[in-house]
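Only one structure is covered here, and it is reproduced in the block below.
The values are calculated or read from the model by the stated rules, or taken from the named source; none is laboratory data. These numbers come from a predicted model, not from an experiment. Positions of Cβ are backbone-derived with ideal geometry, glycine not excepted, and every protein chain shown enters the neighbour counts. These area figures cover heavy atoms from the full protein model, side chains too; ligands, DNA and RNA do not enter into them. Shrake-Rupley method; radii C 1.70, N 1.55, O 1.52, S 1.80 Å.
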Amino acid sequence: MRNSTATLVVGTTADYIDWIENRSRSRAIFLTAIHERHKAAERFAPPQRELLTDLTRSEQCIPFVQSYLRATGVSLDGIACFDDESLPLAAMLAQALALEFPSVKSILRSLDKQAAKEAWMASGVPCPKAIAVSGSLDELDTGEICFPCVLKPHSASGSERVFLCHTRAQARHAAIEIIDSAENDTAVAEEYIVGEEFSCDFVIDDGHVQILRTARKHMAATGPLGTALAYSLPSHLDEPLSEEVLGEVLRNAATSLGISRAICMVDFIVRDEEIFLIELSPRMGGDCLPHVMLEAWGVDAIGRAMEFYRGESIGPWLNESAPTVVGLRIFSQAAGKVSSVNTHEIDEDARIISHTLKESSGRVVVMPPQDYSSWLLGHVVFQPYAARDVEEQIRDFRERISISLEDLK
């Protein structure tokens, strides 16, 4: 690889490494956690382009990468990152290597749910009210946040340790659990907003916003608050909201966090024709969304993100006239060892585009809040009938997939 050019991918998972290697036509070097390599079933990159280390020790990662570059003569054309946990390290590496990436300060502000909302409220960006609370909940006595309210950690991915609390007793229990499992000595209490939930990927570049895709979330009736059971996309906001209105909110939100050029993922709620931002992270959205776009339309969002990280321009991922499809995430409903996943009842359904489920056999499921990853068994992509309610079709498919579990011994 001497005198070659590559993009450094920081801290991603085995499936993304496999995707980038085999689909995206991207020349990449992977800085990967040792434990991720050891547990992975996917084929990794060739050893000469795979740097394995302890990613929690950033002070060692920077000289490790610099030494590799000197030894190989590789020149980096950009830094890519696809998960929240590795974003701060990616920013530190970008600063040390003089590459473009959001700053450490802007990333830490984005990932702190309290700090982000303070920045948004100061800049007039619509979002739920939020305050930091201790285990005693004395901070709620001001009446600024009323019940029901949401309690969540300052930083965590997705719906991890997010609780809807209707009483002070529930809130106290949630706050203690959050604080005991985090480095912070406070949790975040947030105003509970009821409305339609959406996920959006967008690019901000020197003040200009390009929306890449918007998806409506179909929320799970059980499990952790905020768990998306399915996504339907492309999704468009109802009038008087428009892409221009959303774009202006997103521009102000990213700018107030100090982000000037990045691919960003944002979750938001629409209530009474008003947008409320829930969280924003300077990386593209995950879950099953990249798979849905690839399997339904052949759009390699991860590959296009790699192009952006190399400094290239980027356009919308989905055509506005693209037919609506649904990405249904399949969760186990109990703990145990998966003995079989039976999809026979949906295999011949004309709506099915693809499904990725059967390799879940043998998986050991541990339910939230002990584990937030093992209960997700795969996804189904389908094109819903226009004449039938989408929520009804989501329930129908889920009920027709049979998951058998063995007790853990």
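Details
- Lys, Arg +1 and Asp, Glu -1 on Cβ, resulting dipole of the range 1-128 about Cα centre, debye, nearest 20: 280
- Among F64, A182, A96 the positive-end extreme of the charge dipole of the chain (Cβ point charges): F64
- Modelled label reach - Q383, point 7 Å along Cα→Cβ, the range 320-352 residues with backbone N closer than 18 Å: 320-328, 347-352
- Within the range 124-215: Cβ-based charge dipole about Cα centre, in debye rounded to nearest 20 (Lys, Arg +1; Asp, Glu -1): 260
- Cleavage-rule hits, GluC sites (Glu not before Pro), the range 328-409, DSSP coil, Cβ neighbours within 10 Å at most 12: E348
- The range 157-181 residues near the modelled H35 label - backbone nitrogen below 18 Å, point 7 Å along Cα→Cβ: 157-158, 160-161, 181
- Size of electric dipole in the range 298-405: Cβ of Lys, Arg +1 and of Asp, Glu -1, about Cα centre, debye, nearest 20: 340
- From helices alone, the chain scores -8500 deg cm²/dmol at 222 nm; the rule is -39500 (n - 2.57) for each run of n ≥ 4 DSSP H residues, then divide by the residue total.
- All C-alpha pair distances within the chain, sorted into 10 Å bins from zero, spread as 4, 21, 31, 29, 14, 2, 0 percent across the bins.
- Hypothetical label at H208: residues of the range 288-325 whose amide nitrogen lies under 12 Å (7 Å Cα-Cβ projection): 313-315
- Note on the chain: Lys pairs 8 or more places apart or on different chains, Cα atoms under 30 Å apart, count 24.
- Shown for the range 341-409: the carbon plus sulfur share of the solvent-accessible area, taken with all protein chains present and a 1.4 angstrom probe, equals 46%.
- Accessible surface of the range 123-174 [probe 1.4 Å, protein heavy atoms]: carbon and sulfur percent: 53
- Amide proton proximity set for L225, modelled H, under 5 Å, gap of 5+: V162, L164
- Excluding ligands, DNA and RNA, the accessible surface per residue across the chain is 45 Å² with a 1.4 Å probe.
- Averaging the sequence gap over all C-alpha pairs within less than 8 Å and six or more residues apart, then dividing by the number of residues, gives the range 117-219 a relative contact order of 26 percent.
- Dipole of the range 1-139, positive end: most advanced residue of G73, W120, Y16 [Cβ charges, Cα centre]: G73
- Positive end of the dipole of the range 255-335 (Cβ unit charges, origin at the Cα centre): among W297, V266, S313, the Cα lying farthest that way belongs to S313.
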